[in-house]
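Working notes, beginning with the structure itself.
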Amino acid sequence: MFYQVLPISFADSNGDGKGDLPGFLGRIDHLRWLGVDAVWMTPFYPSPFRDLGYDISDFCNVDPVFGTLADFDRALDALHAHGIKLIIDFVPNHTSNEHAWFAESRSSRSNPKHDWYIWADAEADGGPPNNWMSRFGGSAWQWDDTRGQYYYHSFLLEQPDLNWRNPAVRAAMADVLRFWIRRGVDGFRVDAAAVLAKDDLLRDDPPAPDSSGKPPPQRLNHVFTDDRPQAMIYLEEIRAVIDEFDNRMLAGEVQGKIGRIGHFYGNARPRLHLPLNFALLDSAWDALSLQGTIDAYYNAIPDKAWSDWTIGGHDKKRIAGKLGPFQTRVLAMLALTLRGTPFFFAGDELGMEPVLIPDDKVNDPFERLVPGYGLNRDPERTPMRWDGSANGGFTSGEPWLPLGEDVAERNVARLMADPHSLLWLYRRLIELRRRESALSWGAYQPLRSRHDILMYKRVGGECEILVALNTVHQPRKCTWQGAGRLLLSSWLDREECEVEGPMLLRPDEGVIIKLRC
Ligand code: GLC
């Protein structure tokens, strides 16, 4: 399983209120205890930090807020010493406007990097070249006086898009990948992988159907900027760089409809190993919807592709807020028993819910630029809570975002002391998944879900494991026939006992039953 870490919110070693790499190093024991296989770390590169560090001013260094390259090497060595792999964010689509490449590119129309970014002339009336909109609201084109031209930015105007049509840009970005691989990273999560190519005719995006009530950027159908065929070719080139080395992997943020996810794996030429799948987060929470969501995803990916399931992330609302503490346990059992690599976000193992952010603490540009649509991502980005002390043991200073009201009840030390806690459930599930090869590698075999119970089997070799998850707060009858050995209940109060179906599941209970092996 992958464990996503936001370095700024994980652990602060120097009291500036922001997490850093030495702080992360000091908490690697938690990852070992939990049993994670791999960490995905979001940007720690030099950055003006207008978009959580996704506005990078130097791709091959560490921001002083987080430490130094030597701190990075130490953290990586410590992970590897414990058999934990590390992937980091690769942000190919844009740089910060403070990147030296951009400073050069905007300095004139004839400098050597003049076409490293996407520049275009104004319309006759002086307006932007077309109607393309930034994801963060407003026109995606920003006027630049020195060049007398507009530049394009998919996201903030402080995040100009690189021009991937330019082979020199692609070569420079390939060198960024090689730089980190040679330092020892095991792979990358490709940021905004779907928007690398834009229509070279600069055609206007059409209006999106049924867009009333949606935030302005979603009122256009981004056909000429998202998911272009050429972007797939660029992903193949990125993959080819990864494949120059042994055993490195590429995950990627692909967004969009589930039906498109298959393309990101590639056809004749491979693209991403794991296009990230957010379907569980977007699904309605009932047994019938969930089994539909699961099938729709498995149907959408190529036959030999490996699957993945994401249940949290820095751009997504904490799901514990939607499900509540009891069904959050069922979700943990679901995510760790489906076929495919689970991705968790630090704090999910504590059942962290969205934290209320007072107006004067709002950090996310989304909330500032597209207010009123509930798009603020700060509530899921708040610091980890290590114990019940002031600021949850995260920092001795003023935390960069508030920790939330429930720190005393929901922190690592407290939940570790309670063997029935969600934290322990995670650990036990990870352990079981590793021990039972049918759970790690076996085929997914759907069963007919009835009476609010989501049911499926995992089948590998001679082994057959049944998973039954009660998705409601009342007891429900689970209709399987036969006998088996109950390996684990999500309540963590019964295990390793013989059971027979049909059986009654208690409210919010999930069970894992070994039928054969
Ligand atoms: C990705 C990141 C998101 C960021 C955006 C622009 O979507 O996950 O946090 O705002 O890229 O860099």
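Can you name the residue in region 501-517 that is in contact (Cβ under 8 Å) with a residue 40 or more places away in the chain and part of a strand (DSSP E or B) and, of all such residues, is most open to solvent (accessible area, probe 1.4 Å)?
Top of the filtered list is Arg516.
Which ones in region 315-343 are buried (at least 24 other Cβ atoms within 10 Å of the Cβ), within 16 Å of the ligand (Cβ to nearest atom) and farther than 20 Å from Ala296 by Cβ?
Hit for region 315-343 is Arg318, nothing else.
If Met249 passes every condition in (1) farther than 25 Å from Ala197 by Cα; (2) open to solvent by less than 40 Å² (accessible area, probe 1.4 Å) but one, which one does it miss?
It fails just one condition, (1).
Just give me the residues in region 405-425 being under 25 Å from Thr395 (Cα atoms) and assigned to a helix (DSSP H, G or I), in sequence order.
So the first thing to find is which residues in region 405-425 are under 25 Å from Thr395 (Cα atoms), and the list is 405-418, 421-424.
Listed by number, the residues that qualify are Val412, Ala413, Arg414, Leu415, Met416, Leu422, Leu423, Trp424.
Which numbered condition in (1) under 21 Å from Asp115 (Cα atoms); (2) out of contact with any helix residue (DSSP H, G or I) (no Cβ under 7 Å at 6 or more places or on another chain) is the only one that Ala197 fails?
Unmet condition: (2).
Give the residue that is most open to solvent (accessible area, probe 1.4 Å), with candidates limited to residues of region 344-371 that are in a helix (DSSP H, G or I) and within 16 Å of the ligand (Cβ to nearest atom). Step through it out loud before you land on a result.
Here is the first cut: in region 344-371, the ones in a helix (DSSP H, G or I) are 348-350, 359-361, 365-369.
Narrowing further to those that are within 16 Å of the ligand (Cβ to nearest atom): 365-369.
Details: Pro365: 3, Phe366: 38, Glu367: 52, Arg368: 149, Leu369: 82 Å².
Step by step, filter region 344-371, then rank; the result is Arg368.
Being under 16 Å from Phe2 (Cα atoms) and either buried (at least 21 other Cβ atoms within 10 Å of the Cβ) or charged (D, E, K, R) (or both) is the filter; apply it to region 281-314 and report the residue that is nearest to the ligand (Cβ to nearest atom).
Gly313
List pairs: first in region 59-80 and under 11 Å from Leu25 (Cα atoms), second of a type in the set (D, E, K, R), Cβ under 8 Å, 6+ apart or cross-chain?
Pairs that qualify, where the first residue is under 11 Å from Leu25 (Cα atoms) and the partner is of a type in the set (D, E, K, R), are Asp71/Asp20; Phe72/Arg183; Asp73/Arg183; Leu76/Arg183; Leu79/Lys85.
Scan region 134-180 for residues that are away from the ligand (no atom under 16 Å from the Cβ), in a loop (DSSP other than H, G, I, E, B) and closer than 21 Å to Phe59 by Cβ and jot them down.
Asn163, Arg165, Asn166
Kindly indicate which of Gln445, Gln474 is without any contact (Cβ under 8 Å) to a residue 40 or more places away in the chain, outside any strand (DSSP E or B) and closer than 25 Å to Leu288 by Cβ.
Values: Gln445 fails: outside any strand (DSSP E or B).
After applying the criteria, what remains is Gln474.
Based on this model, can you work out whether Pro216 counts as surrounded by fewer than 21 Cβ atoms within 10 Å (Cβ to Cβ) and either within 16 Å of the ligand (Cβ to nearest atom) or at pLDDT 95 or above (or both)?
Values: surrounded by fewer than 21 Cβ atoms within 10 Å (Cβ to Cβ): yes; either within 16 Å of the ligand (Cβ to nearest atom) or at pLDDT 95 or above (or both): no.
The answer is no for Pro216.
The values are calculated or read from the model by the stated rules, or taken from the named source; none is laboratory data. Owing to the predicted nature of the structure, the values given are computational and were not obtained by experimental measurement. Cβ atoms come from the backbone with ideal geometry, glycine included; neighbour counts cover every protein chain shown. Remember, those area values only see protein heavy atoms, side chains included, never the ligands or the DNA or RNA. Shrake-Rupley method; radii C 1.70, N 1.55, O 1.52, S 1.80 Å.
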